[in-house]
Structures are given as C-alpha cells and as structure tokens.
1. Restricting to the range B:243-255, and then to whatever is more than 8 Å from every other protein chain (Cβ to nearest Cβ) and part of a loop (DSSP other than H, G, I, E, B), can you tell me which residue is nearest to C:A235 (Cα to Cα)?
2. What's the number of the only condition in (1) in contact (Cβ under 8 Å) with a residue 24 or more places away in the chain; (2) more than 30 Å from A:I408 (Cα to Cα); (3) of a type in the set (F, W, Y) that B:W151 fails to meet?
3. For the range B:13-64, give me each residue that is at the interface with another protein chain (Cβ under 10 Å from one of its Cβ atoms) and of a type in the set (D, E, K, R).
4. So which of B:L258, B:L240, B:L289, B:L231 ends up being more than 8 Å from every other protein chain (Cβ to nearest Cβ), in a helix (DSSP H, G or I) and closer than 23 Å to A:A424 by Cβ?
5. Based on what the data block shows, is A:A248 of a type in the set (A, V, I, L, M, F, W, C) and either over 21 Å from B:K144 (Cβ atoms) or not assigned by TED's automatic domain parsing to the domain that holds A:T409 (or both)?
6. Just to be sure I understand the filter: pairs with C-beta atoms under 6 Å, separated by 6 or more residues or on different chains, first member in the range C:250-275 and closer than 28 Å to A:Q249 by Cα, second member basic (K, R). Which pairs pass?
7. Working carefully through the options A:A239, A:A252, find the one that is within 14 Å of chain B (Cβ to nearest Cβ), over 18 Å from A:R406 (Cβ atoms) and small (G, A, S).
8. Take the residues in the range C:199-228 that are among the polar types (S, T, N, Q), more than 9 Å from chain A (Cβ to nearest Cβ) and assigned to a helix (DSSP H, G or I), then tell me which one is surrounded by the most Cβ atoms within 10 Å (Cβ to Cβ).
Amino acid sequence: MSNISRRAAMAGTAAALAAPGALRAQVKPRLTAISQWSAGSDGAAITALGKKFEERGGVWQHSPVPGFTTDMMNKLRAQIMAGDPPSCSQLKGPEIAAWSKIAPTVNLDATVAAAGYEKVVAPDLAKLHKPGGKWAALPLQVYRTNTLFVSKRALDRAKADKLPTTWAEFNALAEKMKSAGMAYPVSNGGSRADDGQKFEACLAGISPTAYRAACMNLDEKALKGPEMKAAFTQLRKLADWMDPNTAAQSYAIHLPKFVAGEMGMMIQGGWAQGVLLNAGFKLDDFIIAPGPSDNAKPVFILNADAFIFWQRKEADLQAGQKLMAELVMDPAIQTMYSQITGSIPVRTDVDLSGAGWSDGQREAARTLKEAVAINQVVLSLAHNMAQENGMTAAMIDVITEYVKNRSITPDQAVARLSEAVEGAR
Amino acid sequence: MSPAAPAAARPPFASLKRLPEFLVIWVPLLISAGHVVTFALWTTWMSFTPSTLVPADGFVGLRNYNAVLATRNWKIAFDNLLLFGSGFVVLSLSAGLILAILLDQRIRGENVLRSIFLYPLAVSFVVTGTVWSWLLNPGIGIQKLVNDLGWTSFRFDWLIDRDMAIWTIVITAVWQSCGFAMALFLAGLRSVDGDLVKAAQIDGTGPVRIYRRVILPTLWPITITVAVIQLQFAITTFDLVRALTGGGPGIATQLPALVVYDFMFQRGNLGRGAAAAVLMLLVLLAVLLPHWTWRAIQNRRAARG
Amino acid sequence: MADTSINIRRIIVYGIVWVVAAAWLFPLVVVILNSLRTAEEIAQTSMIGWPRVWAWGNYTQAWDTYCIAQTCSGIRPYMLNSALVTIPATLISTLLGAVAGYAVSLWRFRGDSWIYGIVTIGIFLPQQMRLLPWTLVLRDLGLTNTLAGLVMIHTIQGMSFTTLFCRNYYVSIPADLMKAAKIDGAGFFRIFWRIVLPLSPPILIVTVIWQFTHIWNEFLYGVTFTTGTQQPVTAALIALATSVADVPQHGIQSAAVVVAALPTLLVYLFGGRYFVRGLTAGAVK
C-alpha cells in the first residue's frame, strides 16, 4: 500500500511539474466527485454547483453515494485501495488529517493563496483543512449545530414572547409550554447524532471552556469536571421533554407537528431551515435563535462540510481540481450554495444583507463573527468535527445510552464517558 | 468403496486425456475454497495489526482483542446474541413445526398458505427491517392504529423500550424465516413412512400420541439441520437490525455483526473490527463443531450399518 | 358425535392457520396500501390505513421519474442493473455448483471431502469480513466499479451454497447407475450430461431460487463496488429510505419497495412448490 502511494505521489508531482498552465489550458477540466448529498436541498445545492462547473467549461462527474455515511466511506476506501480515488470527495473534520495519511492529496496552497482565502476563514476551521500545514481540503459551508428553532404557534400557545437565552430560561419556557398542553415541548430525532448534538449544546451552553477542554482536547480532568455533570443533568431534562416514540427516526418526521405548535422547540443545525422550507413551510412559521448560553455571550458550535482533493495524474482531472477549488472559494458560489441549503458561508466577508438570506442565517453569520472574536467557537462533537470517528463514536455511545436510559445517573454518565475516552484512545 | 479409483493411481497418459475434466473440477473448487481460506486468514492477520483506515503492517499482539472485549458495545452485543439466538431459534423452530403440522392435516388451500408463509424469504432484510420499523413504531404503527380505533390505553412500544427492543428483532426474524423451517418440517412429515402411522392407528393410538411417539422422532435430524441454519442466521444478522433499530435505543440492540461493521467502517479501526470478526467466527465454530462431529458420527454409523 | 368433534377440530385448524396467515400477510398489505396513498395522507394519519385517494401516480413516479441520487429516472435503471448482475451470477454459480457437487459426490478423488468442507465453510463467513479482501481482489483484477466484478463476487461466494445443495442431492443417486454407465465407457462429462443433469431439475430449481433472491437482495457490495447509475436496486431503496434531508416520501418509497420485490416474490410464488420438494431432497440430508 505505502509503496503504491509513494509511486502515485511521485507520479502526481512529476505530472504537476511537467504540466504548467499552458498545457492545462488545452484540456477540458474534468471532476470526479463522490458525496452522500443525493437528495433534498443538499442534492439541489451540489447539482447547482455542478451547473456552475459546467458553465466554466468543465465536465462534471458527481456520483452521490446513497445511504449511510459509512457507505460513502466504504466506497472512498475501496477506490483509494484500488488506486483510483475520486478527484475530490466529501470529508470533514479530523478525518481529513487521518485520511490524508493513507493516500496523497493535492497541495492547494498556491490556489488558496491566490484567492486570499486564509484571511477570511475562522482559524480553528482552517487548521482542520491543513494537515501537515498544507491545504489539502476546502470547507464548503458552515452550520451552527446549537441553533434554537422555536415554533411560532407554540410560542403563542404558551403565551410567551421572549426567546430563551440561557438554559434556565429555556427550561422555564419548556415548562410553560408543557402546562399549556404540549405533550412534548422539545422536538427531536432519535438518531445517534441527534442525541450527541443535544449533549454538546448543553455542555457548550453551560461552559464553552469546559467543552473545549473535554470534548476537543480530551483533557482528563475536564472530562470529570462539574460542568460535565451539569451538562448531563440538563440533557436529562431535554430527554424528558422529547417524544420517546421517535425510535431511530430522523427529526424531520416531527416537523409538521412542530410547525403546528404541538411541539415547541428544537435544537438543530441550520440545515433544518432548508428542510422546513423544502417541506413547504414558511419562514414565519418558526423563529431561529442562537442556542442557550449561560454566560450570556454567543457560543457557536461549528460544523462544516468540506471537499478533500486526491492526487491524480490525468491533466484534465488536475485542471478540474483547480477549477473546483476556485469555485468552492468563490464568494458568489458560497452564497448560492448556502442560500439553497440554509447554511452560512465559510467566508466571513460575505455580505448577508441582500435578499435570499433569512434572518436566521444573518444572525448565525453575525454570531460566528462575534464568537470568533471572543474565542467561543467550538467544534461539533456529534458531527465529527472535534474528534476522529472512532473517538466520536465511543463518546456518543455513552451519550445516546444515557438519553434512552432514564436509570443512568449524571454521575454514572460522567464516569462512563471518561472510561469510553480512555478505551478509544 | 468409492465408485472411481483415486485419480492419482492412474497412469500419466490417462491423466493427460482427462485434463479437461480436472480443470472443470478443480479450478472452480480451488477458487472457491481459496477465497474462504485466504479471506479468513487475512482477517485473522489483520486482527493482530495496528490497521486503522486501511490495512497496515505490524504486530500488536492481543491489543485489539483486549480493546474490543473491554467495550460496553461488545458486552451488550454478546448478551444480546445469546438472548436473540436462543429466542429466535426456539420460536422459529416451534412456530415452523406447528405450522407444518397444521398444514399436514390435508387442508384445502395448502399451496396458497405455503406461499404466504414462505414469501418473507423472498424479501430483502433491508425492506423487512424498514417496514417492520414502521409497524412497530408506537408513534405511527400498530399502537397508533389501535389507539385511533378507540383503545387509547393500548401500548405496544417494544421498539423504544431498551429491555424489549431485542424482541422486536426476534419477532421480525421469526416472521422472515420461520417459513423456511416450516418447509423443511413439512417435507419431513411427508416423508414419514405411512405404514408406521397406519400400524399405530390400528393399535388404537390417538393422533397426538402418534405425533409424539411415531412422527416427531423421525424429524430429529431435520430439526438439527434447521437449528444450525437458523443459528448461523442469528449470528450473522446485520441488515435487519441496521434497518429496524440501528442498534438502538441507545446501544441496546447491538449484535456482533454490527459491532464488527461499526469498528471496521464507522470508527475507522480495521484491527479492532477484524478482532471482533474473529471472535464472531469463534462463536460460530462453537456452534458448528459439535454439529459437524455429530454428523460425522452419524455418517460413520450409517456407513457401518 | 365423532363427526362433530372432527369438524370442530378442523375448524380450529383452519382458524389458526388463517389467522397466522393474515398476520404474515399484514406487512405486505400495509406496504401495498401505502404505495397507493399520498405522502401527506400518511404523515397526517399513520403508516397503517386505507387510501382515501388512490395515488396510482406513486408507481409511475417510483418507476421512472422520481429523483434518486440526483438521477431522475426512478428505479428503472437500477432494476436493470440488478437483473444484469443477478441473472448471470445465478446461472454461472448454479452450473459450477452442479458440476462441483457432481464431482465431489460421484467421482470421489483424493482430498474431495477436504475441499468440499472448506467450500461449504464459506456459507458461514460473515459478509463484513469479506468486504475489504474483495476490494483488493477487484483492484488486482481491474474490475473495480464494474458489474462484472459483482457477478464474479456473487458467483464465487454463491458456489458455497450451490455446491452444498447439489452435492447433498447427488449423493442419493444410486451407485449402480454410475457403475453401469462407466462400464459402458461413458466419461465424466457424458455421465453428467446424460444421467445426472436429467435427474437434477428439483435441486437446480432450489439453487436458482436461493441464489436469485440472495443476489437480488444484496446491498453492501452493490453500493460499495459500483457507482452512480450502475448501482443495483437495493442501493436505490436505501437511498429512498435514508434521504434524511427530506420529509419522508413514504408513498413513493412503498411503491418502489413493491416493484423492487416483485421479481423475487414471483420467483417464490411460481417456484415455491418445487422449492419445498427440492429442499427435502437436497439440503436436509
């Protein structure tokens, strides 16, 4: 394996040296890409990106891999092992660094520098895409996973007008909704990622510092700290307000009830906006707000989708990679993409005041900027931004079991979580 | 005495003339056997390496095994396997046997009924799992239907109950595959010597007694075969659980095959996944070795008698 | 007196059998009904219900206009792929299994029981364990991302089952028949063609049914080793079931499930009788 990789790496470099701009201009840029974006707004967005690629004279060959994320990873692994990686593929977080060790990636430094991109990307985010200090992948869009969606009708039903900003206020509002006759004030999905996302919203809302130490740096002391127990206690409250009948289904099945005011609040990623709109609901059916933060300053739990670029010898594929990289960094393209999916642009210099953006997106982009300034941006654990998949899965095991099993106490959960981290190290 | 003399005893020119048949016999068999042996050895080798995302060289001793055995996932999966394996095999054998006996009562519409009990075998586990996850989901399935019909206190929420969720997998698996047991039992019942039954009837033995004393004992070998096939199915169950519960609620319905897949492909740790796969194979061998020994003894007896 | 008790007994037997049969049919009925209901209707009520409006459009959409993985051609192309993999793989693995089973059972040779034992162990190898080795094999043979690669995988793996079935069936062919044929000077192929094959239909039907349903329903290899519109229909079904970014389209999904399951259901419906018969002859031994 390593022999093949080295040979491919040398061939790739040689081809890059031998094929300067002049020769590249002659070939038609071609891109082979794999992602799991096969349906809904994700599918629509990548298709629109493909159209732009074709408008610039490229040949767009995107193969969506339907199903679970693991199915896409299996496909990527199979192609890499076969020595035939796609010229770019969807990959995110620390997995970028892990996968870049098993096959040579394209060095994008020159293209990134030419676009002046590094200045406009959040530093924590940039770092994830530069394994070994060189750009090998490019983030495409950013989501906040601790976005609070509140149903307008539920708010009216509970006769409340103020949105919660801290967990205490959140709990008070949920109680109010409950006494107004809502069986399940918190709307939820039943997947592992859903459970993890609720936990990270609790912990980061209670203390972003503790979140950084425990979930991002896996600090042993922080993992056993009092904030962890507080987070699990808050998570139990959320779990008690959720519909237990959800089983392993997606949160999307509850959206009609959420809009109708039978469920009140939802802690979700910004993507839920795109899904709501896609399902035919209106922007004024719901309110988007930042997730609760007990220190009253904005906390942004960041999740970003990205493309990693795999080294190929073919001149047309190399030209395609360069074109794709330019497109992904282009503010106009990021605007188009985020407007379809409900995310916010990676670039912090995009103006969101125009039509086509929702108040929620504007708010999220503003919060991101503010949170970057006060160092309250953290990377999402539930969405594989904070740790490699093995560690993430081991931690989510504990969290999801806790959500589904009322008899586990917060103290036990804290102990189990640090055990799981030790076991997966 | 075997019908043909061993090939090697023939003179060489005869072997050359028989080259085409050697090729036809040996090439497919060797490829098939070769893939079994090399794949199993390769996985065993992987389980001793530090492989993560892709196969890697190196030797880490039993580290992967220790790591797998220490996880809660594996412990839960193993307990579930014992519960699911025994529950499923017992239920599907008894349901299959009862159905076969009922169908054997010379009833009208036997062909239709047999097709009804067999059709789940034709459907993929992915579809079965998905459809049953709708039916068993208390919010949209059977419970909702009964509640809407007026019986509002009716509860059937095993799918979200972490103690009962494993039984939803048992129900679905029995539904899917007890037709297979029924088919084999039915065939066995049909091949029972009619004279034996007649003799018993002349002696005035009642129908229940005839089944217990005369017919069922002859089904013993079929029962063993069905049990082994069903156990093998239980141990390798994967698609069904992935579509039905996804291992949840929480991690309450993990099974070894899910843990293997999870380690190898979700958690990016091939070494540990391979170790889990080898452990799974050992469980399989624990089932199969007694069966093979039993069959070998049977065969030897048959050959002698 | 005796007559009524027999009648009561028969009524009980019929009662039990048909109640169980109804329970067995229930999931199928639910899927068929859902395939004729609109997504809105299902979302408002539950998964189980009688269609208010008969949404026949679900079928036309599922068949050739609904967008699956960015290709808006329904499940039609995927059905074709499944057929292109399943039919050759079923036929080849059955034929090879028949020859191998015949050789192992009627032409005993040195090492026959060993190699037969190893081949049949293949039945018990978990699928997850084979995924990566197959990746390496496909790479070395240059068959990555081809339907031919899938045919090869299913043929080689399928031989474990087909050899087992055929061997167990052929051992019951009387040795005298073989002896007589050999005295007449018939060779390996001639005996196979003239004596063994004409006796084989029951077991070949079982083998074909078994292989056909297993290969048609396989998912993991299909999605890993093929790309885009080359994928088998199970991949399309998963794509429909897991498109989490959408509000679920249960109606169209159900229609797709019905269409995708139709070939294997028909195979069982028409082959069911022979399946039971052949199974007794072959697999039980």
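1. Result: B:G247.
2. (1)
3. B:K17, B:R18, B:E21, B:D57
4. Testing whether each residue is more than 8 Å from every other protein chain (Cβ to nearest Cβ), in a helix (DSSP H, G or I) and closer than 23 Å to A:A424 by Cβ leaves just B:L258.
5. When the stated conditions are applied, A:A248 does not pass them.
6. Close Cβ pairs (under 6 Å, with a partner that is basic (K, R)) amount to C:G251/C:R37.
7. Selected residue: A:A252, the only one of A:A239, A:A252 that is within 14 Å of chain B (Cβ to nearest Cβ), over 18 Å from A:R406 (Cβ atoms) and small (G, A, S).
8. The qualifying residue surrounded by the most Cβ atoms within 10 Å (Cβ to Cβ) is C:T207.
The values are calculated or read from the model by the stated rules, or taken from the named source; none is laboratory data. Computed from a predicted model, the values in this text were never measured in an experiment. When we count neighbours, we look across all protein chains shown, and the Cβ atoms used for this are built from the backbone with ideal geometry, even at glycine.
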